[in-house]
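To keep things clear, I will list the structure first and then write my remarks on it.
The values are calculated or read from the model by the stated rules, or taken from the named source; none is laboratory data. These figures come from a predicted structure and were not determined experimentally. Counting neighbours? That spans all protein chains shown, and the Cβs are built from the backbone with ideal geometry, glycine included. We work out accessible area using only protein heavy atoms, side chains counted, and drop any ligands, DNA or RNA first. Shrake-Rupley method; radii C 1.70, N 1.55, O 1.52, S 1.80 Å.
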Amino acid sequence: MSDPLGRDEREKRAFDALIVSNLLRDRDHEDLDDLPELPDAIKAKMNSLPDDLVSKLWAKSPEGRIEDCQALEEASFEETFIDDEQYAGSGANRADMDEETKRKLDEARRIARETMIKKKKWNKGDAKS
Amino acid sequence: MAKDTITEEQLDELFEGSDREFAVQLLDAYRRENMWRYIYSLYRSFDDEDIHEVYVKALEEFIECVKKPDFAPKAPLKLLQHIIKKRAIDRARKKCGARVKAAGDLIEPLAADLKDTKVGLEWKLMFKEESRAFRKALDKAVDELAPKQHVAARAMLEVYDQVREDDSPKALATRIRELSGDDCTSSQAADRWEAARENLKSKMTKAGFKHLFEDIQ
């Protein structure tokens, strides 16, 4: 079967996909190695913030803008993190998955996230034996 | 700026305590750089004022939550990150109508482009440490692009799916015009992206990832 794009064009598009997927990926805010360096001007601005920033914000903090902080936190746990297998493929190319498989993958991810939360609680001694 | 010497577990414990203002102060002292770099990673067009506004607004909302006596965050850092992301998206949209994308939004066109290619295979075969090094090198390479190429790269992040769907650089040209004010035609947009790609390929080759691009002429 002939390849309408040609091999070179397909490899270029694959490289484009690699660039885009890596630049748009979810970053680990805890890992400075995973985060881009700040340009000098931005770094200077960051360092110029007052030492009492939090105190000032705490003192003036208005109420009523956020009604349901619990829901906000739960939403933070529901963010879907796409890992490499899903678009680079490794026998698990999501584009080829049927709905049932996608549902099972999402369920597995949900269970993994809940396990992480329970493990955190256990480590703090909150879990019941 | 304090060095990063407080763990996530220590912060979690502080937020369970009674002095939450102190907990937020320590969070800001030890994690501010992480958060600013995270904001920058979300949208590379942000300048210092953009990131400042996003951070301060997010901190205000975060403080509003932790001040509530009936609310104790289970994962305060994660909560702050989530709020930051929402504020960053708002700011990006207000700034220039940015269509902020996440890799998860593009999974099908990305997977289709990587499938059955050498680039895709080499990426799959990469060990975790190597892929981390690749990502770090790519971040640096993008930041070092010449201005017009940098704008083309930023635009491509926002319109990648449209470019693929249309099989045309028209959406890329439109977005470059919106971002830069340049009178950029479709042909020029394609050239700028091609130049950015060549530049990135060259930099990534020098960084030791030649094997990924050997089949690209």
Among A:Lys60/B:Lys68; B:Lys118/B:Lys206; A:Lys60/B:Lys57; A:Lys45/B:Lys68; A:Lys12/B:Lys140; A:Lys43/B:Lys206, the pairs whose Cα-Cα distance exceeds 23 Å are A:Lys45/B:Lys68; A:Lys43/B:Lys206
Just subtract the alpha-carbon distance of B:Arg93 and B:Thr5 from 0.36 nm times their residue separation and send over the number in nm, one decimal. 28.2 nm
Interface burial for B against A (accessible surface, 1.4 Å probe, total of both chains, Å², rounded to 100): 8500
Residue-normalised value, i.e. accessible area per residue, for the range B:1-78 at 1.4 Å probe, in Å², stands at 38
Taking a label point 7 Å from the Cα of A:Ala75 along Cα-to-Cβ, the residues of the range B:21-48 whose backbone nitrogen sits under 17 Å from it are none
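Evaluate the relative contact order of the range B:22-120 (contact order divided by residue number), counting alpha-carbon pairs under 8 angstrom at least 6 apart; express in whole percent.
25
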From Cα pairs below 8 angstrom and at least 6 apart in sequence, can you work out the relative contact order of chain B, rounded to a whole percent? 16
Please report, in debye to the nearest 20, how large the charge dipole of the range B:65-217 is about its Cα centre when each Lys and Arg carries +1 at its beta carbon and each Asp and Glu carries -1 there. 1100
For the range B:101-170, what does the equivalent ellipsoid look like in terms of its semi-axes, each the square root of 5 times an eigenvalue of the Cα gyration tensor, given largest first in whole Å? 22, 19, 10
If one computes the Cα centroid of the range B:184-217 and of the range B:14-53, what distance in Å separates the two points? 34
Summing +1 for each Lys or Arg and -1 for each Asp or Glu, what net charge is found among the other residues whose Cβ lies under 12 Å from the Cβ of B:Asp48? -3
Compare B:Pro69, B:Pro169, B:Pro109 in a GNM of chain B, Cα atoms joined below 10 Å, and give the one with the largest fluctuation. B:Pro69
Express the relative contact order of the range B:102-201 as a whole percentage, based on alpha carbon pairs under 8 Å and six or more residues apart in sequence. 25
For the pair B:Glu194 and A:Glu67, what calculated FRET efficiency results from E = 1/(1 + (r/R0)^6), where r is the Cβ-Cβ distance and R0 = 30 Å, to the nearest 0.05? 0.05
What FRET efficiency comes out for B:Phe71 versus B:Ala133 if R0 is 41 angstrom and r is the Cβ-Cβ distance? Round to the nearest 0.05. 0.55
